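S.K.: The structure is given below, and queries will be raised subsequently.
The values are calculated or read from the model by the stated rules, or taken from the named source; none is laboratory data. Just so you know, these numbers come straight off a predicted model, no measurement behind them. Backbone-built Cβ (ideal geometry, glycine too); neighbour counts: all protein chains shown.
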Amino acid sequence: MLTEANQQMTQLQVAAGTRFQVVIRAGVVSHAVAKAVKDFEADLLVIGRRSDPASEGLGLNTYGLIRESACPVVSV
């Protein structure tokens, strides 16, 4: 599953003409992201909002991301 995700990301980047560093991890979202934040010594975590305008509040994983993050979190 992780191998397939990495292959798909590589294909997307080739199509887009980008070469960004991508980290794909399995597990509980908030824990995996918190570990990545620590591993990369991130200063800021930027997360996206739901695209459904009828949705209210923060997404299912958002509270966990904010709670577990070792740095400030910005939602865009």
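S.K.: Contact list please: Cβ distance under 9 Å, first residue in region 35-56 and at pLDDT 75 or above, second residue outside any helix (DSSP H, G or I) and basic (Lys, Arg), pairs at least six apart or on different chains.
M.R.: Here the result reads 35/25; 36/25, each pair linking region 35-56 to a residue that is outside any helix (DSSP H, G or I) and basic (Lys, Arg).
S.K.: Failed condition for residue 31, given (1) closer than 15 Å to residue 71 by Cβ; (2) touching a residue at least 24 places away in the same chain (Cβ under 8 Å), with all others met?
M.R.: Here residue 31 meets the rest and fails (1).
S.K.: Are any residues in region 21-76 of a type in the set (Val, Ile, Thr), exposed (fewer than 11 other Cβ atoms within 10 Å of the Cβ) and more than 26 Å from residue 7 (Cβ to Cβ), and if so, which ones?
M.R.: Answer for region 21-76, where residues must be of a type in the set (Val, Ile, Thr), exposed (fewer than 11 other Cβ atoms within 10 Å of the Cβ) and more than 26 Å from residue 7 (Cβ to Cβ): 74, 76.
S.K.: Still on this model: Restricting attention to region 1-9, does a residue exist that is closer than 14 Å to residue 67 by Cα, surrounded by 10 or more Cβ atoms within 10 Å (Cβ to Cβ) and modelled with pLDDT under 95?
M.R.: No, the conditions are met nowhere in region 1-9.
S.K.: Could I ask something else about it? Of (1) modelled with pLDDT of 95 or more; (2) at negative phi; (3) of a type outside the set (Lys, Arg), residue 17 satisfies all except one. Which?
M.R.: That leaves (2) as the condition not met.
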